[in-house]
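Structure, as structure tokens:
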């Protein structure tokens, strides 16, 4: 057997991917089921000259992650539901100040302390809108241990490229499941680093309105001596309450992601071409959904799967196309109906959208999906 | 001389500052700048981090790498910066509410780690930016907009909290005793570890007026009258120290510094690998 093949847990794979992407700082706080992300970081980072710190809470670990990134290191923090709520304050600061960082949220049962050791997908909406105010964010969600590795690389690349925080939205199943993973040769990985300023130090605009809407980023200590604030600021980075400027900045911030949607969005399809019923699932549930598609096909039913890998921005255009072809969409998710709202918004009256929601701490099984498929078939 | 310092260390186009007439935050900010100047630090290698509130607006005026963060969190951001690049001289400017209420947890843990950051707390005994609510350092029985009948809360002694939590250099100064304040900040910056300098300040607009203490000049005189040097205070009975501001060096000791310890860990792993 090749020595790059391992039996590994999703949380472990995520950190190995992150380190291969260049992560050199991790600030954490223990919380189930994300703790292994901190443990593996603590073990592996110092070996490559990186730094791990266990902060006093999730608020502080988010803050330290942003600080370290501003000082030049690719940085990550990881948490689960209750901790993700605490991170929202400074996650918004990272959106506003455009400081790249990766936040892993391993979803567990909620609300509140909920079901700490059980899987859920209850933060579809919180990962998009959890912090206050209009803001852009990128959220990606892996379905396997291999993807936990690859999406960690992707998360860092997107965050560096677009100067934005990226949420790696895992669930307890993918985080704790152990399966085969083949670690790719590092030279085969595309690694993206933040765009650096090329102007004289006194001409640097940390929030310059560039053509691609992504301002170049200097690190603290490189001689640019700029100001960073969570207050609404102008291109120079200093606070401004001018409505014309506030409007310009918020539009650039939102359009920065909107403009590059095609580059950001990734999705997967399985037997959707002729499908009359299309399942929409992500994370661990997408695996149950794929099994259900195979079972349904073996029974001659025209069922397919649409799996968004990028949750936000949602792969709207492709889903809209599929809506013109299929009759029914079944959104199977481990919550009481969140992603389904986005699917309904996109599909409108082109097809019928059904929810298979479950939030009792158990994964949705292929059998449950098959039952739902039969129920939908009976509607016609 | 003074004007040279202003031109060198301030962002001239951002002045005048937003602080009220008679506010001493400008004096305390200037003490920070003079301390930096005394030590001859390269501005490119100095990073000043602040939280939210009147005190924390200082970073916008100071020509260094400056970060104006979220309420109470400056120390947590600063910890990330210092860990990522230990060569940077990291300074935190915060206020009484910012450091000891919303940021209290970060404050005690930064002290405990003894990470090489110098924190200057501009303590004006009130939340000024939001219009005069009582803070953890507002003297008991004082008035605030949220304490219309006098506050019943006991106060935090910032320096005692810092010393007990493990900061290795702790001193208190006032905006009246500027030379002493500058010297304390210099010592704090020289300390390889976590330093806390409490700069007792005046807020004539919200604290002084509501509590009928007098105008800015009266308040400044009061800072002078209430202050007792730490050495003199040692010889006085507790009843004589009631309501006094004890100024000077509270603590100065040496303990392993956090980023050094982490570097030792990295080096040790490298050794073991060989």
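Quick grid of which residues meet (1) surrounded by fewer than 24 Cβ atoms within 10 Å (Cβ to Cβ); (2) facing chain A (nearest Cβ under 9 Å); (3) assigned to a helix (DSSP H, G or I); (4) modelled with pLDDT of 95 or more:
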| position | (1), (2), (3), (4) |
| --- | --- |
| B:67 | no, yes, no, yes |
| B:75 | no, yes, yes, yes |
| B:80 | no, yes, yes, yes |
| B:94 | no, no, no, yes |
| B:108 | yes, yes, yes, yes |
Going by what's in this entry, would residue B:119 be described as crowded, with 24+ Cβ neighbours inside 10 Å, touching a strand residue (DSSP E or B) at 6+ places or on another chain (Cβ under 6 Å) and either at positive phi or away from chain A (no Cβ under 11 Å) (or both)?
yes
Set A:299, A:338: member being touching a strand residue (DSSP E or B) at 6+ places or on another chain (Cβ under 9 Å) and at pLDDT 95 or above:
A:338
Here the residues within the stretch B:227-259 that are over 21 Å from residue B:186 (Cα atoms) and either within 14 Å of chain A (Cβ to nearest Cβ) or assigned to a helix (DSSP H, G or I) (or both) are B:232, B:233, B:234, B:238, B:239, B:240, B:241
Can you name every one of the helices (runs of 4 or more DSSP H) wholly within the stretch A:1-104 that holds 1 or more residues which are buried (at least 23 other Cβ atoms within 10 Å of the Cβ) and within 11 Å of chain B (Cβ to nearest Cβ)?
A:58-70, A:81-97
Taking the options A:248, A:256, name whichever one is under 27 Å from residue A:67 (Cβ atoms) and not in a loop (DSSP other than H, G, I, E, B).
A:256
Tally time: how many residues in the stretch A:288-312 are surrounded by 19 or more Cβ atoms within 10 Å (Cβ to Cβ) and either touching a residue at least 40 places away in the same chain (Cβ under 8 Å) or in a helix (DSSP H, G or I) (or both)?
13
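Here's the yes/no breakdown for (1) in contact with a helix residue (DSSP H, G or I) (Cβ under 9 Å, 6 or more places away or on another chain); (2) closer than 26 Å to residue A:164 by Cα:
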| position | (1), (2) |
| --- | --- |
| A:285 | yes, no |
| A:288 | yes, no |
| A:298 | no, no |
| A:308 | yes, yes |
| A:314 | yes, yes |
| A:318 | no, yes |
| A:332 | yes, no |
| A:348 | yes, no |
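Table: residues versus (1) under 26 Å from the mean Cα position of the chain (by Cα); (2) farther than 30 Å from residue B:85 by Cα.
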residue: B:224; (1), (2): yes, yes
residue: B:228; (1), (2): yes, yes
residue: B:258; (1), (2): yes, no
residue: B:274; (1), (2): no, no
Can you confirm whether residue A:184 is at pLDDT 95 or above, in a loop (DSSP other than H, G, I, E, B) and in the same structural domain as residue A:133 (by TED's automatic domain parsing)?
yes
I'd like to check something: does the stretch B:223-230 contain any residue that is in contact (Cβ under 8 Å) with a residue 24 or more places away in the chain and out of contact with any strand residue (DSSP E or B) (no Cβ under 7 Å at 6 or more places or on another chain)?
yes
Looking at (1) in a loop (DSSP other than H, G, I, E, B); (2) in contact with a helix residue (DSSP H, G or I) (Cβ under 6 Å, 6 or more places away or on another chain); (3) within 9 Å of chain B (Cβ to nearest Cβ); (4) within 29 Å of residue A:313 (Cβ to Cβ), which is the only condition residue A:219 fails?
(2)
Verdict on residue A:174 being assigned to a strand (DSSP E or B), at pLDDT 95 or above, at negative phi and in the same structural domain as residue A:129 (by TED's automatic domain parsing)
no
Kindly indicate whether residue A:228 is within 14 Å of another protein chain (Cβ to nearest Cβ), surrounded by 17 or more Cβ atoms within 10 Å (Cβ to Cβ) and part of a strand (DSSP E or B).
yes
Kindly indicate whether residue B:188 is in contact with a helix residue (DSSP H, G or I) (Cβ under 9 Å, 6 or more places away or on another chain), part of a loop (DSSP other than H, G, I, E, B) and closer than 30 Å to residue A:26 by Cα.
no
I'm trying to understand the selection: among the residues of the stretch B:8-32, which are within 14 Å of chain A (Cβ to nearest Cβ), in contact (Cβ under 8 Å) with a residue 24 or more places away in the chain and not in a strand (DSSP E or B)?
B:8, B:9, B:11, B:14, B:15, B:17, B:18
What tally of residues in the stretch B:35-56 results from selecting those that are closer than 22 Å to residue A:59 by Cβ and part of a helix (DSSP H, G or I)?
2
Given the conditions (1) more than 24 Å from the chain's Cα centre (by Cα); (2) under 23 Å from residue B:48 (Cα atoms); (3) free of Cβ contacts under 8 Å to residues at least 24 places away in the same chain, every one holds for residue A:216 apart from (1)
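Matching residues to (1) surrounded by 12 or more Cβ atoms within 10 Å (Cβ to Cβ); (2) within 14 Å of chain A (Cβ to nearest Cβ); (3) free of Cβ contacts under 8 Å to residues at least 40 places away in the same chain; (4) over 27 Å from residue B:131 (Cβ atoms):
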site: B:190; (1), (2), (3), (4): yes, no, no, yes
site: B:210; (1), (2), (3), (4): yes, no, no, no
site: B:215; (1), (2), (3), (4): yes, no, no, no
site: B:272; (1), (2), (3), (4): no, yes, yes, yes
Restricting to the stretch A:105-143, name every residue that is under 14 Å from residue A:168 (Cβ atoms) and not in a helix (DSSP H, G or I).
A:105, A:106, A:107, A:121, A:123, A:137, A:138, A:139, A:140, A:141, A:142, A:143
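The values are calculated or read from the model by the stated rules, or taken from the named source; none is laboratory data. Just so it is clear, the structure is predicted and the values come from calculations on it, not from any experiment. Because the Cβ atoms are built from the backbone with ideal geometry, glycine has one as well, and the counts that use them run over all protein chains shown.
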